[in-house]
1. Can you compute the modelled spin-label distance between C:Gln52 and D:Ala88, with each label point 7 Å from Cα toward Cβ, in nm?
2. Put the label 7 Å from Cα along Cα→Cβ for D:Asp89; what are its distances to the other copies, in nanometres, shortest first?
3. Would you mind calculating the relative contact order of chain A from Cα pairs under 8 angstrom and at least 6 residues apart, reporting the percent as a whole number?
4. Which of D:Asn278, D:Gly24, D:Val346 sits farthest toward the positive end of the charge dipole of the range D:5-358, with +1 on the Cβ of Lys and Arg and -1 on the Cβ of Asp and Glu?
5. Kindly report the accessible area of the protein assembly as shown per residue (heavy atoms of protein chains, probe 1.4 Å, no ligands, DNA or RNA), in Å².
6. Could you give, in nm with one decimal, how far C:Thr319 is from each other copy of that position, shortest first, with labels 7 Å out from Cα toward Cβ?
7. I need the shape label for the range D:162-265. Rule: rounded when a/c is under 1.5, else prolate if a/b > b/c, else oblate, with a, b, c from the alpha carbon gyration tensor.
8. For the pair D:Lys314 and B:Glu261, what calculated FRET efficiency results from E = 1/(1 + (r/R0)^6), where r is the Cβ-Cβ distance and R0 = 60 Å, to the nearest 0.05?
There are 4 protein chains.
Amino acid sequence: MSINSFGRMFRVTTWGESHGPALGAVVDGCPPGVPLDEAAIQRWLDQRKPGQNRFTTQRREPDAVRILSGVFEGRTTGTPIQLMIENADQRSKDYSEIADKFRPGHADLAYWQKYGIRDHRGGGRSSARETAARVAAGGVARAALAELAPGIVIRGCMVQMGKLRIDRARFDWAEVARNPFWSPDAEAARAWAEHLDALRKSGNSVGAVVEVTASGVPAGLGAPIYGKLDADLAAAMMSINAVKGVEIGAGMAAAELTGEENADEIFMGQGGPRYSSNHAGGVLGGISTGQDVVVRFAVKPTSSILRPRATIDKTGAETTIVTKGRHDPCVGIRAVPVGEAMMACVLLDHILLHRGQIGGAVGETRGRVGP
Amino acid sequence: MSINSFGRMFRVTTWGESHGPALGAVVDGCPPGVPLDEAAIQRWLDQRKPGQNRFTTQRREPDAVRILSGVFEGRTTGTPIQLMIENADQRSKDYSEIADKFRPGHADLAYWQKYGIRDHRGGGRSSARETAARVAAGGVARAALAELAPGIVIRGCMVQMGKLRIDRARFDWAEVARNPFWSPDAEAARAWAEHLDALRKSGNSVGAVVEVTASGVPAGLGAPIYGKLDADLAAAMMSINAVKGVEIGAGMAAAELTGEENADEIFMGQGGPRYSSNHAGGVLGGISTGQDVVVRFAVKPTSSILRPRATIDKTGAETTIVTKGRHDPCVGIRAVPVGEAMMACVLLDHILLHRGQIGGAVGETRGRVGP
Amino acid sequence: MSINSFGRMFRVTTWGESHGPALGAVVDGCPPGVPLDEAAIQRWLDQRKPGQNRFTTQRREPDAVRILSGVFEGRTTGTPIQLMIENADQRSKDYSEIADKFRPGHADLAYWQKYGIRDHRGGGRSSARETAARVAAGGVARAALAELAPGIVIRGCMVQMGKLRIDRARFDWAEVARNPFWSPDAEAARAWAEHLDALRKSGNSVGAVVEVTASGVPAGLGAPIYGKLDADLAAAMMSINAVKGVEIGAGMAAAELTGEENADEIFMGQGGPRYSSNHAGGVLGGISTGQDVVVRFAVKPTSSILRPRATIDKTGAETTIVTKGRHDPCVGIRAVPVGEAMMACVLLDHILLHRGQIGGAVGETRGRVGP
Amino acid sequence: MSINSFGRMFRVTTWGESHGPALGAVVDGCPPGVPLDEAAIQRWLDQRKPGQNRFTTQRREPDAVRILSGVFEGRTTGTPIQLMIENADQRSKDYSEIADKFRPGHADLAYWQKYGIRDHRGGGRSSARETAARVAAGGVARAALAELAPGIVIRGCMVQMGKLRIDRARFDWAEVARNPFWSPDAEAARAWAEHLDALRKSGNSVGAVVEVTASGVPAGLGAPIYGKLDADLAAAMMSINAVKGVEIGAGMAAAELTGEENADEIFMGQGGPRYSSNHAGGVLGGISTGQDVVVRFAVKPTSSILRPRATIDKTGAETTIVTKGRHDPCVGIRAVPVGEAMMACVLLDHILLHRGQIGGAVGETRGRVGP
């Protein structure tokens, strides 16, 4: 039971290796009648595409997606949607050295121990290339959300690189598209560029924190107790390569607060309840509150670096390794569209679940507040 | 599709409300032949039991578990194990006020909006009492682990209360049992006692960070890509009430590291690979490495406090609320055995999954390292 | 992964052994707001209850159900509903002989081989008593259907005992309640009574065919390709003890028809499409057509008989066995309410699935036929 | 939640339409290290391939399979295996007439009602072409079985066409490969050829019964209560297009037997228990007994016939339809390899489940019989 699917109602199965002929995703459970074509998906893939500037891997992949099923005359039919991306720029010979050595910080040794066989070229299935399939599936989810819940806006950004954090006072979503780091703070972006250039030159890499926000999410999504919206988001984000921590709202810092500080006070707004703050990150008891859903996750530094590290080979002999190939010095950058895609998939999944269990139109809840 | 089950092979379904007649768990998929009786489960429930000292809720619940099925002549039969805990000390009238008002920071309003009906007594299903069922199920998982993988040791502790962290240099597992806070640092425990007394007197509460470690975990557990061991742990911990963040190994701090610092170097030890450090928290590529599996999670401060907070009622009228009842001033304390229970369930689940997909004895892997 | 749950959105987990303290079902995913109390469930259990006439087992079980969770002030809350039935009339000593011998036609040997341990008292989990939990869960499904899809009527009957079939020309639903066999044909009931009396006296037993019909089922239910309505019904019915065959509509006899005979012609009726016949049994392509959903299943004769049969014991020694205890001479009779319960669960499950994927009110479809 | 996956541990997701660019299956959970290449799968696809003789559809599809992932250097890696079959010989214009009319006996109207949109070309996803993906997945299952449980032999045959049954006394597996009907009885094959020629000329079609037997199945497979081996087989077979009934062992005829006749007596053989007969079809209590697992299913006659049938169109107007296109006059013939494939998938799934829950080598059970 290797588990390559996620989601319950909107179910995505990804497949394919970094250096195989192709990779992709089968999306099962997309509602029928959603307008969809390849361009609608390609748009998101292009954002994740490698080789767009000097801060990401120089592997050149067009990442062109083909829809092989599930769409007829421009609309989804409710049947499985097969998305295929052919691999183009594989330099598998770059990886001949790691056929026998295990890269520290990578999944090489773990896969070897578990399976006794692995496609070592580029990490095979453990490569970050798998996330292209997620972004493609996220494109389908976005198309469905646009139809079912057009009020939802999903946006991601990077809020920390190494020890350098953004200044929340300068947070501006408009800035995100203007720099290569998805930074909502122009000044932070400049500092990061400098920092990353230095790291890259020294053959090193660095970690990052990504934040994904969904606004316009209707109250009531989430399936307690073990399908809580935040638990599903935690699993979704933690399943992305190199992620080591996930936070909802106040996150780990919630530990530092008192009950008085933490509990978001409730007032009555025009369209329903209104909150004084959002420590909850839009989720209470595993159910969306109608506030922005806010998730952050930490991406560890790329383990493929040019600095020699101690390791072993298959025979158990100790040795050192320097990972050549073409790698992202800060893989967190390209994780932003992946985080957005996971958010889109999880929200759509819960919208469908909610509609199934509770009924009514999307965003409709059973309990009313008001006179 | 309210989702009250977790696990794939070792599947736990919890049921019951805080103030209903009983609550419990059905455990499906426990291997046959495991020695099990009520005492073996009660032992863990007693650790979580409320009212054991002045730092936890004064609700007096014996939390006595009954096994209603699945065990015959002292051994599991491979059929579902029903665990029932009768509720004893319900003072439901304490909650009459919150039948119409929504407690800020609680799931009250979210449940109301979603379902249009809720058992408001003590939070119903969103109450922390649900975690008693988890601990009971965890007791079954522990019994099975003792049989199948006796080398695994699962231990939890509290490493932070409010802004007060333990000193890692003083970390001592033996200390955990000696103070009411599960603190591995005696000095931190003293500081916490003082801090919590003050908070309690002022009618306030505080957050905490819990750390759960599993040592002796064989390499190879985990089912990439969407059943990664760390992703499953993230979901498991995030599904516990009041948890807002989950970290594996270096966690959020991984963002601050360089690739050189972060990647745990590999050497050859007696029994197999040996690592210079454990930033990975025992998981790479979603698969256990054989190092300690280390998870941390942040528990927000109890939202039920004696200080008045602004809120609304069902009619939408703004009002204030003071939550009486009997509450934990630091619910993180009692979350420690819950975190341990979730770790036990997730590990057992993955041991069974691994055995199914890969075969061989428990802990056996397919790939060998060595001459 | 012992699998004691069925359903996707309306998920039922049954637990408990024939001679343990209790058995029951946890129902997860029942929509909130459904009127429900114990009497509403008891009503169906009473129909299945043993010992009601000389043609069923003389075990005296009140089969009184208790609701332990998920219902508040007479309505479901959307949280798990725990249903418990305590076992009362266990004469476990009747089974001491079969602790070591395996009854032919029973699951005794198969359970022993698989698990290496079994609760031999009354067959443990493989006993037909497990179906009491199904009927209880079916009671919840019926209550939800009454609320969500009040037009659906589910009725079961017995259409064959041994070689004696009903005469379809005499089929009358009203007759079903008037005889102890659920026979829609009064004459057949008389013949069966005579036949069964003779068999019982000779210590033998006999098989039967049960037919369950659901009318008023909206078109559009079913989730191709592997959640087809008929495939789910087939699994549901085949999972009932002693069932060896399942048919939808024309069933096995479809093999004998030509295409011209088999295809139900379509005409236009008042409320939508109207069919000339119902060889399809209300399901085409795995999706309900709006016609009656018709399922039949064959129940093999009770294997516990008073006539000596050759068998072996645990040591492998050959021996003979005569099964005393109190058994149904025609277990098909009591399978009727079980088949109805499974139909109710499957239909509700698919209504919720359909509502999730397609949206709209229950019974609403996306495609219209008409001007 | 359109459900296009089946299996729990060995999980197959099929995708693709009859007249889209391609169709296929993603196989998740195949154990690592299994020798596999395209030829090993093609071999089974060739058996199901259309246009091989005058008794099957004249559509010419090479049905050439490509493995896009999950196999490295000739062995499975434990990661998802994507199998793609490109559609070649689509004459979509044959179907222009049925864009607006609904074929009786087909899923046309049901899909339209459910989804409000459908790929009408060749039935889209409801076409029997979907079964090519099953056969491909079955090829993977067979390769894994050959490795894990080499003693298992899966064979299918046709035992009835229309009212013409085989003579069991002439049953000969060797005959199956010698006639175009998979008939184990040469004389029956001759009668069927004559019968089918006549039907074809008259533009009519006919139903059939297929029987699939697995011998060498170890005792102990099956996961009670809702993952019973026979319940899973029932769902698997009923999910094949046009199947209306499924039988295990004695099947529907079990209703006609007495308990004395039906219960297979147990004796002690060389390798373990031995049975006097196999009314059980190799499954008791949902668990394999070690006897041959025997499943039969009825395939209704092809609904696409050249004889005019009454139907309606999208506007609700009554009309008649004659289905041209290229169709199998007895679709049961090509269902034989599909039934075999489903058997292979279900058995492998249960082998992996059993290994996970019970442990030990494949085929090993926990309970011993013997001195």
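The values are calculated or read from the model by the stated rules, or taken from the named source; none is laboratory data. No experiment lies behind these values; they were computed from the predicted model shown. Using ideal geometry, Cβ is built from the backbone for each residue, glycine included, and neighbour counts are taken over all protein chains shown. Each accessible area value is taken on the protein alone, full model and side chains, heavy atoms only, with ligands, DNA and RNA left out. Shrake-Rupley method; radii C 1.70, N 1.55, O 1.52, S 1.80 Å.
1. 6.1 nm
2. Ordered by increasing distance: 4.3, 6.6, 7.9 nm.
3. Working: 785 pairs, mean separation 78.4, N = 371.
Relative contact order for chain A comes out at 21 percent.
4. It is D:Gly24.
5. On the way: 43370 Å² over 1484 residues.
Normalised by residue count, the accessible surface of the protein assembly as shown is 29 Å².
6. Its label point is 6.4, 7.1, 7.2 nm from the equivalent points in the other copies.
7. Details: a/c = 1.97, a/b = 1.69, b/c = 1.17.
Prolate, because a/c is 1.5 or more and a/b exceeds b/c.
8. Working: r = 66 Å, r/R0 = 1.10.
Working from the Cβ atoms, E equals 0.35.
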